[in-house]
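Student: Dropping the structure in here first, questions after.
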Amino acid sequence: AGAAISLGRKRQALLNKTTSFYMLRRTKEEVLKDVLVGKVDQVVFCALSPIQIELYRRMLAMPDFENLRRSTEACECGSTQER
């Protein structure tokens, strides 16, 4: 399998070298630089609805989320490893 992968990579490199002269690569920024405008992020904070609050609390109570939140703490089994 290793020999086949090596051969495939060599042939891919040869193909890239052979076709690179004929291929034109352009990015959106190059082609549409007069049309595209800069990205603007606007963050709006708002209160959660009662159902969103309940769903958020349920998510926080999930074991997987709790393990993620406490991932840097030592394991409760007594070992010195992190969770």
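Student: Going through segment 62-81 one residue at a time, which ones are open to solvent by 80 Å² or more (accessible area, probe 1.4 Å) and over 24 Å from the mean Cα position of the chain (by Cα)?
Tutor: Within segment 62-81, 76, 77, 80, 81 qualify.
Student: Something else about it: Restricting the first residue to segment 57-70 and requiring it to be in a helix (DSSP H, G or I), which pairs with a second residue that is among the aliphatic types (A, V, I, L, M) meet a Cβ separation below 9 Å and a spacing of at least six or different chains?
Tutor: Listed by first residue and then by second, the contacts come to 65/59; 66/60; 69/60.
Student: Condition check: without any contact (Cβ under 8 Å) to a residue 60 or more places away in the chain, of a type in the set (A, V, I, L, M) and assigned to a helix (DSSP H, G or I). Does residue 4 satisfy that?
Tutor: yes
Student: Taking only segment 7-40 into account, find how many residues are of a type outside the set (Ser, Thr, Tyr) and assigned to a loop (DSSP other than H, G, I, E, B).
Tutor: 14
The values are calculated or read from the model by the stated rules, or taken from the named source; none is laboratory data. Predicted model only: the values in this text are computed from it and were never measured. Note: ideal-geometry Cβ built from the backbone for every residue, glycine included; neighbour counts use all protein chains shown. For the accessible areas, the whole protein counts, side chains as well, though only heavy atoms, and no ligand, DNA or RNA atoms are used. Shrake-Rupley method; radii C 1.70, N 1.55, O 1.52, S 1.80 Å.
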